[in-house]
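Peer 1: Got a structure for you, written out below as structure tokens; questions coming shortly.
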Amino acid sequence: MEEKKKILEIKNLSVSFDTYAGEVQAVRDASWDVMEGETVAIVGESGCGKTVTIQTVMGINRTDNCRIKSGEILFKGDDLVKKTRKEMHKYQGKDMSIIFQDPFTYLNPTSKVRNQIREGYLKHYKVSKKEANEKVIELLKIVNIPNPERVAKQYPHELSGGMRQRVMIAMALICNPKILFADEPTTALDVTVQAQIIDLMNQLKDDFQASIVLITHDMGVVANMADRIYVMYAGKIVEHGLSEDIFYHPKHPYTIGLLQAAPRLDQKKQDLQYSIPGTPPDLINPPKGCPFAARCPHTMNICVEEFPENVYFGDNNHFAACWLNHPACLKEKQIGGEKV
């Protein structure tokens with residue numbers, strides 16, 4: 001079997017926003033990667049830095065108040081951090097595309113579906129509008145939109161939420177990108193349509209031989225799609241592993257909290273849905289220790305003072321940044337000593 005190659009690698013990325021209240025450290029020393037043909041999920045609560053990370057990779061948040069403080073974004077060996085906004089245009093839509101969280105917000109209400117889908121195709125390829133229109137119809141059929149000829153001539157407000165999301169997927173796929181970023185692609189949809197979109201994306205990944213980076217807080221969506229999972233909290237990657245490692249052998253208290261907060265089929269009606277107590281830290285003044293310390297039921301003195309190093313488990317590159325897994329802490333547990 002041919003070994004898969006690494007198509008995208010983020011190394012020690014830090015991104016900040018300058019606001020009237022101070023510097024918001026949205027992403028802090030985050031590292032992750034994507035292999036060819038796999039689905040990687042980045043999970044965490046709202047405000048943890050997931051969306052900022054992929055927007056930085058795509059180069060669509062390069063504004064006056066946004067700064068890449070450090071790190072590398074390597075796409076097939078090219079460091080995208082060093083590219084200008086104009087140079088990034090050749091990657092956007094062609095090599096990497098994004099499906100946004102709310103399609104109704106990102107689709108132009110004054111432009112027909114056909115015109116919006118074909119725009120990227122006309123930009124990156126020297127084809128006629130007739131050829132582009134044929135490509136649009138072909139893609140609308142692929143994403144299972146009934147009567148694609150009619151839908152192509154409609155406006156976004158004339159479509160249902162599920163149809164608009166399929167249009168967004170078609171728009172993202174028209175140039176056959178190597179990486180597809182999906183930012184909460186099922187959030188605004190009902191359960192039945194969510195399942196259809198998940199099945200569609202899994203099918204398209206194989207058909208188009210693309211890698212998918214899934215951004216979500218929904219562990220149910222992750223379970224049905226992801227090969228590997230990165231857990232993000234307060235701008236930092238706190239755990240990583242294969243999907244089965246994260247679901248069956250979580251090592252970070254935050255990951256355990258996310259799994260406990262997910263609805264269960266065996267949950268009794270009278271039982272209250274679990275939620276992680278407390279709120280995420282202020283990233284204008286982030287804590288120097290573990291960012292989850294204030295909400296963690298196992299907090300020790302060292303958790304507040306110093307951010308933990310990654311501790312690895314097994315052979316699948318499963319790691320967690322938590323002092324509970326540190327050899328010194330484990331030794332203390334074994335001998336019944338005091339908190340470190």
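The values are calculated or read from the model by the stated rules, or taken from the named source; none is laboratory data. Values in this document were obtained by computation on a predicted structure and should not be read as measured data. No Cβ is skipped: glycine too gets one built from the backbone with ideal geometry, and neighbour counts run over all protein chains shown. Areas reflect the complete protein model, heavy atoms only, side chains present, ligands, DNA and RNA absent. Shrake-Rupley method; radii C 1.70, N 1.55, O 1.52, S 1.80 Å.
Peer 1: Please identify the pairs in which a residue from region 221-238 that is within 11 Å of Thr255 (Cα to Cα) has its Cβ atom under 6 Å from the Cβ atom of a residue that is assigned to a helix (DSSP H, G or I) and not aromatic (Phe, Trp, Tyr), counting only partners at least 6 apart or on another chain.
Peer 2: Ile229/Ser243; Ile229/Ile246; Val231/Thr255; Met232/Lys50
Peer 1: May I ask you to list the residues in region 1-19 that are part of a strand (DSSP E or B) and surrounded by fewer than 20 Cβ atoms within 10 Å (Cβ to Cβ)?
Peer 2: Of everything in region 1-19, those that are part of a strand (DSSP E or B) and surrounded by fewer than 20 Cβ atoms within 10 Å (Cβ to Cβ) turn out to be Lys6, Glu9, Lys11, Asn12, Ser14, Phe17, Asp18, Thr19.
Peer 1: Continuing with the same structure: Are any residues in region 12-35 hydroxyl-bearing (Ser, Thr, Tyr) and over 23 Å from Leu242 (Cα atoms), and if so, which ones?
Peer 2: Ser14, Ser16, Thr19, Tyr20
Peer 1: Which ones in region 188-239 are under 13 Å from the mean Cα position of the chain (by Cα), polar (S, T, N, Q) and within 16 Å of Asp102 (Cα to Cα)?
Peer 2: Thr216
Peer 1: Right, something else. Looking at (1) polar (S, T, N, Q); (2) in contact (Cβ under 8 Å) with a residue 12 or more places away in the chain; (3) more than 30 Å from Ser275 (Cβ to Cβ), find the lone condition where Ser14 falls short.
Peer 2: Failing condition for Ser14: (3).
Peer 1: Still on this model: For a quick check of your reading of the model, give me the residue pairs whose first member lies in region 79-96 and is on the phi > 0 side of the Ramachandran plot and buried (at least 18 other Cβ atoms within 10 Å of the Cβ), whose second is not aliphatic (A, V, I, L, M) and not in a helix (DSSP H, G or I), with beta-carbon atoms closer than 9 Å and at least 6 apart or on different chains.
Peer 2: Gly93/Cys175; Gly93/Pro177
Peer 1: Then there is this: How many residues does region 20-78 hold that are more than 24 Å from Gly93 (Cβ to Cβ), open to solvent by 30 Å² or more (accessible area, probe 1.4 Å) and within 15 Å of the chain's Cα centre (by Cα)?
Peer 2: 4
Peer 1: Answer yes or no: is there a residue in region 97-108 that is closer than 25 Å to Thr186 by Cβ, loosely packed, with under 15 Cβ neighbours inside 10 Å and touching a helix residue (DSSP H, G or I) at 6+ places or on another chain (Cβ under 8 Å).
Peer 2: The answer is yes; a qualifying residue exists.
Peer 1: Pairs, please: C-beta under 7 Å, at least 6 apart or cross-chain, first residue closer than 12 Å to Asp183 by Cα and of a type outside the set (Lys, Arg) and in region 98-116, second open to solvent by 70 Å² or more (accessible area, probe 1.4 Å) and in a loop (DSSP other than H, G, I, E, B)?
Peer 2: These pairs meet every condition: Asp102/Ala188.
Peer 1: Pairs, please: C-beta under 9 Å, at least 6 apart or cross-chain, first residue at pLDDT 90 or above and in region 312-331, second surrounded by fewer than 14 Cβ atoms within 10 Å (Cβ to Cβ) and part of a helix (DSSP H, G or I)?
Peer 2: Matching pairs, first to second residue: Leu324/Leu330; Leu324/Lys333.
Peer 1: Could you list, in sequence order, all residues of region 109-120 that are open to solvent by 70 Å² or more (accessible area, probe 1.4 Å) and among the charged types (D, E, K, R)?
Peer 2: Within region 109-120, just Glu119 meets the criteria.
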